[in-house]
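Q: After the structure tokens below, expect a handful of questions from me.
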Amino acid sequence: MNLIIIWVSFILLISFVEEFNYYYYLLFSIFMFIFTYIFNKFKPTTIPIRTTLLLFNIPITILWYIAFVYNDFLSITPVTYETFMSLFFIYTYLTLYIFIETP
């Protein structure tokens, strides 16, 4: 859990400090990668399936939103609203089912 807090603070630091340019971002990203590697060698981090599922749902939700909003623009044959929403509800149901049924 400490590693997740360190990563979140790293991302917030990079986001709010305006003096960082691409060089500093690359430098600190390499530093965080090395730090994570060394940290995992000494104290292996095990992330439960529920936490992994929640962490993966953040970018997936953003992708669902982009696909829904730009469906007509990005597709040659756009998916109908009803089909898209039914796929989204099936995905949500399966995600909740896995989240609830895993120990």
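None of the figures in this text is laboratory data; all of them are computed from the coordinates on show. The shown structure was predicted, so the numbers you read here are calculated from the model rather than taken from an experiment. We place every Cβ from the backbone using ideal geometry, glycine too, and count neighbours over all the protein chains shown.
Q: For the chain, what are Rg and Dmax over the alpha carbons, in angstrom?
A: Here Rg and the maximum Cα pair distance are 18.8, 52 Å.
Q: Another question about this same structure. To the nearest 20 Debye, how big is the dipole of the chain about its Cα centre, given +1 on the beta carbon of each Lys and Arg and -1 on that of each Asp and Glu?
A: The dipole magnitude comes to about 480 debye.
Q: Sticking with this one: What per residue convex hull volume, in Å³, comes out for segment 2-42 when only alpha-carbon positions are used?
A: Looking at segment 2-42, the number lands at 48 Å³ per residue.
Q: How far apart, in nm, are the 7 Å Cα→Cβ label points at residue 15 and residue 63?
A: 2.0 nm
Q: Could you give each residue of segment 45-61 its phi-based ³J(HN,Hα) in whole Hz, using Karplus coefficients 6.51, -1.76, 1.60 with θ = phi - 60°, and x for Gly or Pro?
A: With coefficients 6.51, -1.76 and 1.60, one gets 9, 10, 9, x, 5, 5, 5, 4, 4, 5, 5, 6, 6, 5, x, 5, 5 Hz.
Q: Rounded to the nearest 500, what is the chain's calculated 222 nm mean residue ellipticity when only DSSP H runs of at least 4 contribute -39500 (n - 2.57) each, over all residues?
A: Value at 222 nm, helices only, nearest 500: -26500 deg cm²/dmol.
Q: Turning to a different aspect of this structure: Using only Cα atoms and rounding to the nearest 10 degrees, what angle (0 to 90) does helix 22-42 make with the longest principal axis of the chain?
A: 80 degrees
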